[in-house]
Amino acid sequence: MQMRVPNHPSWMTKVEGRKIRPQFRKKRRIVARVQCRSIKKECPVPSCEEPVLLPGRCCKICPGDNYNPDVIQDVVPQNTVEEEERSSKHFAALLSGRSSLILKNDDMQLMPNDQNKNNVVATGRFTFQKKNLYYSFYISDKAARPRSLQFVDGEGTILEEHTLSGVGGLVNSLYQNATRKVCGVWRRLPRDYRRLLKEERMFAVLVWGVKDQAEFTLSGQIMKYVALGTELFSSLLEPAPGSNSLMMSGAGGTAIVSASTTVSPSIHIAVVFNGIFLPDEILDVPVTINLSLDEKKQVILEEKIRVQKPARELNVIEVSSPVSPADLRLLTRGRLVLSVSSVSKPQVLRLSGNVITKATCELFQTTLNSAPNDRAVNLPGSSGLAWLFLNNEGSLVYSVQVEDLIEEQKPIFITLVDVTTKRKMELEDLTPDFVDGWANGTVDKLSPRVLEPLYSGNLAVNVASQSENNLLRGRLVARLVADARDAPAPMLLKRVDKTLPPSAVGISWITVDNYCHMHYDITLSGMGLTDKKYQLSLDLLPMIAPGAPVITHILDEFNGNQVEGSPTETLPKEELVRLDAGVVFINIKEKTTKTTLLSATLRELQVPATCLSHITDNNVPTLSLDSDVAENGACFHERKFYQEGDQWTTSDPCTMCYCQNGNAKCDTSACPEIVCPTSFKIKVPGECCPICSNSTTSQESNTSAPRGCTFGGMFYTAGSRFHPFLIPNGFDLCTECHCDSTLLEVKCTRQSNEKKCCKHCVDTSKAMIDSENGTYVSDLSTTHVVVSKDAQSIVSYKTPQQVLSEGGCKNPSNPNKPYENGQKYHPWIASLGEYKCVTCKCKNGSQSCERQRCTRAICHKMFKPRHNGMQSTTNEFCCSQQQCKHFRRHHRARNS
């Protein structure tokens, strides 16, 4: 019989000059393998001075010692120095009704421990990382989500307490709701508490019930277990159906399960349990551990293990065994049941539970980019991100985002790739779920060949095109879920600065907790030089509109490719409103140049209702396009924002507005009368009032530039007549201005009879209110505006920047001479000079103005006996002739 070798030329075919090796489907069979290793270096050091080596032994022992240190294990030992370091930061706890912890209430009275009538059990995993203690819990389905978590010492003193849910046990977390886990973190663990944790003298307590009265509690000691370093699966063990509920009261357990497929499939189980021993079983008691496919009664593993000294609270047993690949698949898909039972009464004293996803709250994330040194592969700078997690059913939930693809790169193919070896095996195809830049889906029947590289950090997401096999790629990295990474989804930070390599990309997580604190986690990739210092900031806008006021919140400054933070200060009200209902941009900037490198739009951020509860409907700006929105002194009018003190013309050229205290106040002007035939009256587009056409004919020129005057920031055609717009009264109908056609200067005159023209002079006994900016804005950039000399009488001995920094106010008439903080002044009007009827005061950057009362003293000053009449009202005085006549009649009547 001739053997056919795959590399033989007869097995090769030629396609277009290339040799292609045909693919063959391998048979599913278990191949026995033998692995050998030397355990000589693993021998323990004997305690005697002259150890001996017995025949057939590998390790030396002391004379007369019956202990055999030659250990043969089914699972290849993984206890390297690196793993010991990993296991030293991992802890676990079994929380049951048999805890040795004695709890007291606020009155120092012992809390009853018989309230757990449903025999609820919980198991916790704890990871100490960067001075933070991350915690995760699986809890019996018989109980709702606990209200709070307490960390206490051996005497029952509460060291820290975290709120876990709101009213009704609700939590706003996509991950926690999908996995039925309880997740969180204790930030900045104090040094003394770290010592308690390391010495296993700290307890975790879960509390149910209302705030002032606990319904029941579960507690357990936080312990170290070596098996936690390689844990892939977990199990929560509860009293099995049919067991004696009275004898099993308060009993429970948890299992730490790891598996290996590198050499031959094998499994290792460490079980922490209590409650399955009879009162008289106090020494060397056997228990049975069983792993089976429950619906088919198929036993995968069953062994009897002896417990030397059974304890009421914690007992630990371990077992290792080879398994088949089919068994591993059942294990991965959550179909196996683990049980621990008493040998003497297996049906009465028995704990059981499904082997499910690892109890630790963690997800897997990566950025997707091209190789930094290969710009030709990804010239347009396509990028993306991916994040995955395992739900409580063992399914892999994934989300992949790819942006900025060009037509030449489409279609794309998204796959999960095992990069453990150079072969880079494709494991799962995610392409069918890719729609509109996103691939969202679930892998239900997860294979062990996916799970093992996922937890070992050797699973990558690969994006390929028809021309490039590795257009984008990223290796998935495990991240603990808490705070920022408990947000509904991450955001993709895309390249803004085109001088960066096309591989520059980032992934950002941001959330706001119930205490109104912001948490963020940023990971960058492909940035090139790593010695740059970056700045992380947020730009918060109420909406996308021209002139929208921006609040810039600098979160952090960092070096390298990763930053994580949880500031302790509470966010201001304005920022909370914009985070909840506005538009927020996340920016990565270069610190020195302030150049924006990467940016993302923050979406799906929900501010907790507790942070917005103190903001009522009366003081929350409604971000409506048809309303005047006030935020930080800005006004929203006709789909555009204006700053405090701004004035502008609306879509109606006869209506002008100004921004005061966050409100847009508008006034519509009437046009002065012009003397010319109707046929000569024309209206220039964009202006309110018509002009006489003969007023400009003599000044026609060959230039196309319009001729006119600039007044108050507005342009008026030569020959036009108008009323000036004065803050806070609006259009002053008692003053008429016109643009001189010859000199192109604005000249204004004021009517003597204000009773006919002044619409704001009805009640002069009251001071004007709602006024902070009483100045009339005049445009000094144009030399054709007549400016009163009195406007230059205010002299500042400080630089404008110094005056404004000390709480000064802007001077629209002369930006180089702002008003000082506390200074009182009269606003000035072009062509009229200082307007003494209004007095303004600058206070902490804001201007408040009041109109002066008309008094008898002012009328007496205006009265000239020589002419036996009244002097015409000027800008020096604030009384009309009618008001002064009233004072004179009242004075004569009283004298008579």
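Each value in this text was obtained by applying a stated rule to the coordinates, not by laboratory testing. Everything quoted here is computed from the prediction, not taken from an experiment. Don't worry about glycine lacking a Cβ; one is built from the backbone with ideal geometry, like all the others, and counts go over all protein chains shown.
Determine the relative contact order of the range 495-576: mean sequence separation of Cα pairs under 8 Å and six or more apart, normalised by residue count, in whole percent.
Normalised by residue count, the contact order of the range 495-576 is 30 percent.
Using alpha-carbon positions, what is the distance between the centroids of the range 288-306 and the range 169-198, in Å? Cα centres, the range 288-306 to the range 169-198: 33 Å. Remark: the range 517-615 carries a charge dipole of roughly 260 debye about the Cα centre, counting +1 on each Lys and Arg Cβ and -1 on each Asp and Glu Cβ.
From the largest down, the range 143-240 spans 36, 36, 31 angstrom on the principal axes of its Cα atoms.
With K and R counted +1 and D and E -1, the other residues having a Cβ less than 13 Å from that of Pro310 yield a net charge of 0.
Sorting the Cα pairs of the range 487-598 by distance into bins of 5 Å, from 0 upward, gives 2, 11, 22, 24, 19, 13, 7, 2, 0 percent per bin. Cross-link check: pairs Lys681/Lys836; Lys422/Lys494; Lys131/Lys358; Lys130/Lys532 evaluated at a Cα-Cα cut-off of 28 Å; pairs beyond the cut-off: Lys681/Lys836; Lys422/Lys494.
Longer than 26 Å from Cα to Cα, which of Lys181/Lys573; Lys60/Lys198; Lys640/Lys810; Lys117/Lys297 are they? Say none if no pair is. Could you put the intermediate results ahead of the total?
Details: Lys181/Lys573 32 Å; Lys60/Lys198 34 Å; Lys640/Lys810 22 Å; Lys117/Lys297 31 Å.
Too far apart for the 26 Å limit: Lys181/Lys573; Lys60/Lys198; Lys117/Lys297.
Per residue, the average separation of C-alpha pairs within less than 8 Å and at least 6 apart gives the range 136-253 a relative contact order of 25 percent.
Peptides 720-732, 647-659, 476-488, 415-427 ranked from most to least packed give 720-732, 476-488, 647-659, 415-427, packing being the mean of other C-beta atoms within 10 angstrom over each peptide's residues.
Please give the net charge around Asp141, taking every other residue with its beta carbon less than 11 angstrom from that of Asp141, where Lys and Arg add +1 and Asp and Glu add -1. Mind showing how you got there, number by number?
Details: positive: Lys142, Arg180; negative: Glu238.
Residues near Asp141 contribute +1 overall.
When the range 226-355 is described by a simple charge dipole with +1 on each Lys and Arg Cβ and -1 on each Asp and Glu Cβ, the residue from Thr261, Ser249, Leu278 located farthest towards its positive end is Thr261.
How much length is gained on full extension from Asp153 to Val52, taking 0.36 nm per residue of separation minus their Cα-Cα distance?
Details: separation 101, 0.36 × 101 = 36.36 nm, distance 4.70 nm.
Roughly 31.7 nm would be gained on extension.
Over all pairs of distinct alpha carbons, what does the Kirkwood formula give as the hydrodynamic radius of the range 200-295, in Å? Write down the numbers at each step before the final one.
Details: mean 1/r = 0.0606 Å⁻¹.
Taking every pair of different Cα atoms in the range 200-295, averaging 1/r and inverting gives 16.5 Å.
Taking the alpha-carbon centroid of each part, what is the distance from the range 538-587 to the range 708-755 in angstrom? With the range 538-587 and the range 708-755 each reduced to a Cα centre, they are spaced 44 Å. So, in Å, what gap is there between the alpha-carbon centers of the range 498-528 and the range 638-690? Between the Cα centres of the range 498-528 and the range 638-690 lies a distance of 46 Å. By its C-alpha gyration tensor, with a ≥ b ≥ c as the square roots of the eigenvalues, how is the range 435-538 shaped: rounded for a/c under 1.5, else prolate for a/b larger than b/c, else oblate? It is oblate, given that a/c is not under 1.5 and a/b is not larger than b/c.
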